[in-house]
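> Next up is a structure, given as structure tokens.
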Amino acid sequence: MTLLLLAGTAEAQQVARILSMKGHAAIASLVGATRSPRAIDLPTRIGGFGGEAGFVLYLESAGITAVLDATHPFAARISDRTARICAARGLPYCQILRPEWSPEADDRWTMIAAEEEAAAYIPAGATVFLATGRQGLARFSNLTGRHLICRVVDPPETAFPFANGKFLVGRPPFTPEAERELFERLGVDWLVVKNAGGRASESKLVAARACGLPVAMIARPPQPVAQRVATVAAAIDWVQGL
Ligand SMILES: NC(=O)c1ccc[n+]([C@@H]2O[C@H](COP(=O)([O-])OP(=O)(O)OC[C@H]3O[C@@H](n4cnc5c(N)ncnc54)[C@H](OP(=O)(O)O)[C@@H]3O)[C@@H](O)[C@H]2O)c1
């Protein structure tokens, strides 16, 4: 049997390391969103499959017998599609979905359902740190009159899409202390964050709490109706039970 591990998260890397140590037949797949992704301890293919038809062809040609989906909680299209295709073909599918972040006593979060809603809460003149990545930046076009800073992993090849903003290059992980120092140095007034969950990237929220910074927290998209686990250990159990 050959497992397809849809990767792109810290959990995917951990699963890959364990499966590799156990000698489990598996192939990892990355979309190729960053130019130099962290190494994965499994044979890895990179790039989209070429839509639904391309994905079905890939499953057949690579002899995939099960799919473990460890993509980002906001990568809704690939998760939806994979769950649906696997169900239709009788292929075992499981998603690893880490728990969401939830506010603590000192947090000043405003829950929003989509990027476009941030403009309703962030006042004119504010310096806004977009910890939301390059994808979806266009959805903040209504944040006119604010100064935008969007953190990206790779040095940008194109100019910032709006006159009122700039990119800031930074490769995670970041410590809470470094995040706090950065927000203070940049004079950040608001943070915009996707509710990705997980320990690896929560340092910005720890820093925001310490500085009393308000956060616009974007809710996750709906997840597929499918088998789901919350931890790497549970995912490994699922693979071993196949
Ligand atoms: N670390 C992060 O912060 C992080 C990481 C990933 C995603 N995200 C967020 O998630 C959202 C969407 O991300 P996304 O574009 O990755 O997902 P997506 O919108 O669900 O998927 C779009 C397309 O990318 C390809 N794809 C996605 N994951 C793949 C994988 N593991 N292997 C091969 N192809 C894959 C597929 O292309 P084909 O149709 O050609 O097969 C898929 O149709 C964005 O908001 C992004 O910011 C954040």
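For every residue, the table says whether it meets (1) modelled with pLDDT of 95 or more; (2) in the same structural domain as ILE112 (by TED's automatic domain parsing); (3) more than 16 Å from the chain's Cα centre (by Cα); (4) exposed (fewer than 13 other Cβ atoms within 10 Å of the Cβ).
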| site | (1), (2), (3), (4) |
| --- | --- |
| LEU148 | yes, yes, yes, no |
| PHE160 | yes, yes, yes, no |
| VAL206 | yes, yes, yes, no |
| GLY212 | yes, yes, yes, yes |
| ALA230 | yes, no, no, no |
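> Okay, moving on. Can you say whether VAL67 is more than 9 Å from the ligand (Cβ to nearest atom) and not assigned by TED's automatic domain parsing to the domain that holds GLY170, as far as the supplied structure shows?
Spelling it out, VAL67 is indeed more than 9 Å from the ligand (Cβ to nearest atom) and not assigned by TED's automatic domain parsing to the domain that holds GLY170.
> Mind checking which residues of the range 82-111 are more than 17 Å from the chain's Cα centre (by Cα) and under 24 Å from ARG139 (Cα atoms)?
ARG108, TRP109, THR110, MET111
> Would you call ARG180 among the charged types (D, E, K, R), at pLDDT 95 or above and within 16 Å of the ligand (Cβ to nearest atom)?
It is false that ARG180 is among the charged types (D, E, K, R), at pLDDT 95 or above and within 16 Å of the ligand (Cβ to nearest atom).
> Please go through the range 121-148 and give me each residue that is more than 29 Å from ARG77 (Cα to Cα) and touching a helix residue (DSSP H, G or I) at 6+ places or on another chain (Cβ under 7 Å), ordered by number.
Within the range 121-148, just THR127 meets the criteria.
> Next question, about the same structure. Restricted to the range 46-64, and to residues that are part of a loop (DSSP other than H, G, I, E, B) and out of contact with any helix residue (DSSP H, G or I) (no Cβ under 9 Å at 6 or more places or on another chain), which residue is nearest to the ligand (Cβ to nearest atom)? If you could, list the steps in order and put the result at the bottom.
First, pick out the residues of the range 46-64 that are part of a loop (DSSP other than H, G, I, E, B): 47-50, 62-64.
Then drop every residue that is not out of contact with any helix residue (DSSP H, G or I) (no Cβ under 9 Å at 6 or more places or on another chain), which leaves 47, 62-63.
On the way: GLY47: 6, ALA62: 12, GLY63: 17 Å.
Result: GLY47.
> In addition: Any residue that is more than 10 Å from the ligand (Cβ to nearest atom), among the charged types (D, E, K, R), surrounded by fewer than 14 Cβ atoms within 10 Å (Cβ to Cβ) and not in a helix (DSSP H, G or I) - is there at least one of those in the range 83-104?
Residues of the range 83-104 that are more than 10 Å from the ligand (Cβ to nearest atom), as a first pass: 83-104.
Within this subset, residues satisfying the condition of being among the charged types (D, E, K, R) are 84, 89, 98, 100, 104.
Filter once more, keeping what is surrounded by fewer than 14 Cβ atoms within 10 Å (Cβ to Cβ): 89, 100, 104.
Okay, now just the ones that are also not in a helix (DSSP H, G or I), so 100, 104.
Yes, because at least one residue in the range 83-104 is more than 10 Å from the ligand (Cβ to nearest atom), among the charged types (D, E, K, R), surrounded by fewer than 14 Cβ atoms within 10 Å (Cβ to Cβ) and not in a helix (DSSP H, G or I).
> I'd like the full set of residues that are in a loop (DSSP other than H, G, I, E, B), more than 7 Å from the ligand (Cβ to nearest atom) and surrounded by 15 or more Cβ atoms within 10 Å (Cβ to Cβ), limited to the range 10-33. First the steps, then the outcome.
Just the residues of the range 10-33 that are in a loop (DSSP other than H, G, I, E, B), to begin with: 23-25, 31-33.
Still in the list and also more than 7 Å from the ligand (Cβ to nearest atom): 23-25, 32.
Within the range 10-33, just HIS24 meets the criteria.
The values are calculated or read from the model by the stated rules, or taken from the named source; none is laboratory data. Here the structure is a predicted model, which means the values were calculated and not measured. Quick reminder, even Gly has a Cβ in these numbers, built from the backbone with ideal geometry, and neighbours come from all protein chains shown.
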